Amino acid sequence: MVLGDLADGVTRGVENIGDRISGALFEPVIRLGVTGLSRAGKTVFITSLVANLLDRGRMPQLIAASSGAIRAAYLQPQPDDTVARFDYEAHLAALGGADPQWPQSTRAVSELRLSLKVQPTGILGALSGPRKVHIDIVDYPGEWLLDLSLLDKSFAQWSEETRARLASQKGAEPFLEHLATIDPAQPHSEETALKLAATYREALAAARDEGMSLATPGRFLLPGELEGSPVLTFAPLPDADRLPRGSLGREIERRFEAYKTKVVKPFFRDHFARIDRQIVLVDVLGAIHRGPRALEETRLAMADILGAFRPGRNAFLKSLFLGRRVEKILFAATKADHLHHSQHAQLTAITEALLKDAKARADYAGANTAAMSIAALRATTEDRIDHKGLSLDVVRGRLADTGKEAALYPGQLPQDPAHILAPARQGAGAWLDADYQIMRFAPARMTLRPGDGPPHIRLDKAAEFLLGDRLL
Ligand SMILES: Nc1nc2c(ncn2[C@@H]2O[C@H](COP(=O)(O)OP(=O)(O)O)[C@@H](O)[C@H]2O)c(=O)[nH]1
Ligand SMILES: [Mg+2]
């Protein structure tokens, strides 16, 4: 461990104590991390969760809500002055307007503080009077967690592994061809470095469009305010273990190292290491729809992401956590409103199986984990239709692209998750006997009764798992 890391860890540990009890009033703070790969549903989840905590009519499974223990809920200024505020109002306005739209996608960390006034139940509660609990919700891209693995790798190792992956990656050819024209030992030129990084970024984008999300660095596609800066101007190189001084390769190696110390480490120190509870959103249905390769990639990405929740695995993380841990982790298959409820159990079983390796790592770290199928914002209604003599359980909604009403039968998910996970692991090209459809539904028009938040599926159950024990 280098000294800088150690010092980071120590100061962070002291700050953590302050974090969890806000100010002199000893008001407890729960830091809830919300993550998942791009498009997994983070923004929609946070928007709907907050709306449903402000108006709790649809939260019967959150005990503190249905028992009346939560007396009031309100938004407050967040504690971190330099982190973007999660734009709750704009996202809700998009979802709840006359022509409802999904919110704009976001590209960096953001945060929102929701404060609850809770009246504890029971005799003790009656004596103590209401207290405040702050929930700091932190939204961050799951891709950034993948970068943790870079800390253990030299530039040569990373280059080697990444080039091996790209060799079989659709859409990586232009980068590989360009790379073949470059000698890493040639003198450094910024123009060459920029061109190289740009073609590498295109290869990453192509991989992402195929559902391949394992590629690092995670910031290349979600650069935020670092767009165009030298720390994001690098790419994997051949022969990276013998780069002469002053060469292009040496400079690129230096940038790779700068990325680790100036981008990856601060994220883990300032955001990740302060999280108490975590929800990991996974678009399992979307991955199944894309096919076996995308599903397998999702499985691997989740295992990698969840590796970050086992601080023992990495000296740097260990120094940040100092024995503290993320207490609860919920894996949620999102967008379950694409599926009739008769198939939700299958979706949850697939999610559990998909995350088995990832979960084993988190359990090992002592976190309490669970898997669920949810829809943060229900865009469909259920129906049963007759089709060629068969009676099918479908969902109906308005299509995002055309605005037309449509009924969707997404296909029959197997009772045994192995029926789709095994072919995915074996590298099958397509599903053998089935086809899984999804459609992009627009959010439904909302006419909410006073006291009700937006419609959802099991958002209350998710909130109970994540927060319930701290609201009693
Ligand atoms: N039907 C349905 N679609 C959803 C739901 N949540 C997210 N989506 C879809 O997934 C897209 C990405 O969601 P978003 O929250 O922006 O993902 P993020 O990139 O993880 O923040 C949205 O634009 C919607 O099309 C949901 O609960 N139901
Ligand atoms: Mg988002």
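The values are calculated or read from the model by the stated rules, or taken from the named source; none is laboratory data. None of the values given here were measured: they were computed from a predicted structure. With ideal geometry, Cβ positions are generated from the backbone for all residues, glycine too; neighbour counts draw on all protein chains shown.
Conditions first: (1) crowded, with 19+ Cβ neighbours inside 10 Å; (2) within 16 Å of ligand 2 (Cβ to nearest atom). Val118 passes all but one, so which condition is the exception?
(2)
Across segment 321-343, what is the number of residues that are in contact (Cβ under 8 Å) with a residue 60 or more places away in the chain and among the charged types (D, E, K, R)?
Selection size over segment 321-343: 4.
(1) in contact with a Ser or Thr (Cβ under 7 Å, 6 or more places away or on another chain); (2) within 16 Å of ligand 1 (Cβ to nearest atom): which one isn't true of Asp393, the others all being true?
(2)
Check off (1) of a type in the set (A, V, I, L, M, F, W, C); (2) surrounded by fewer than 22 Cβ atoms within 10 Å (Cβ to Cβ); (3) within 29 Å of Pro187 (Cα to Cα); (4) modelled with pLDDT under 90 for Ala205 and give me the number that stays unchecked.
All conditions pass for Ala205, except number (4).
So that you can scan it fast, the table gives a plain yes or no per residue for (1) small (Gly, Ala, Ser); (2) under 23 Å from the mean Cα position of the chain (by Cα); (3) assigned by TED's automatic domain parsing to the domain that holds Pro77; (4) within 16 Å of ligand 2 (Cβ to nearest atom):
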position: Thr162; (1), (2), (3), (4): no, yes, no, no
position: Ala167; (1), (2), (3), (4): yes, no, no, no
position: Glu177; (1), (2), (3), (4): no, no, no, no
position: Thr192; (1), (2), (3), (4): no, no, no, no
position: Ala198; (1), (2), (3), (4): yes, no, no, no
position: Arg201; (1), (2), (3), (4): no, yes, no, no
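Could you list, in sequence order, the residues of segment 434-472 that are outside the structural domain of Ala69 (by TED's automatic domain parsing), of a type outside the set (Ser, Thr, Tyr) and within 18 Å of Gln343 (Cα to Cα)?
Ala434, Asp435, Gln437, Ile438, Met439
Give me a count of the residues in segment 69-115 that are charged (D, E, K, R), within 16 Å of ligand 2 (Cβ to nearest atom) and loosely packed, with under 14 Cβ neighbours inside 10 Å.
Summing the residues that are charged (D, E, K, R), within 16 Å of ligand 2 (Cβ to nearest atom) and loosely packed, with under 14 Cβ neighbours inside 10 Å in segment 69-115 gives 1.
Anything in segment 296-319 that is within 26 Å of Ala428 (Cβ to Cβ) and in contact with a Gly (Cβ under 8 Å, 6 or more places away or on another chain)? List them, or say none.
Once the filter is applied, which keeps residues that are within 26 Å of Ala428 (Cβ to Cβ) and in contact with a Gly (Cβ under 8 Å, 6 or more places away or on another chain), segment 296-319 yields Glu296, Glu297, Thr298, Ala301, Ile305.
Looking only at segment 428-472, filter to residues that are of a type in the set (A, V, I, L, M, F, W, C) and under 14 Å from Phe45 (Cβ atoms); which one of those is surrounded by the most Cβ atoms within 10 Å (Cβ to Cβ)?
Leu459
Quick one: how many residues across segment 294-320 are in contact (Cβ under 8 Å) with a residue 60 or more places away in the chain and of a type in the set (Phe, Trp, Tyr)?
Matching residues across segment 294-320 total 1.
Need a quick list: strands (runs of 3 or more DSSP E) entirely within segment 322-392 having at least 2 residues that are at pLDDT below 95 and surrounded by 20 or more Cβ atoms within 10 Å (Cβ to Cβ).
Where strands (runs of 3 or more DSSP E) fall fully within segment 322-392 and carry at least 2 residues being at pLDDT below 95 and surrounded by 20 or more Cβ atoms within 10 Å (Cβ to Cβ), they are 328-333, 368-373.
Find the helices (runs of 4 or more DSSP H) located wholly in segment 49-167 whose residues include 2 or more that are more than 30 Å from Phe441 (Cβ to Cβ), and list them.
Qualifying helices (runs of 4 or more DSSP H): 63-66, 122-128, 155-167.
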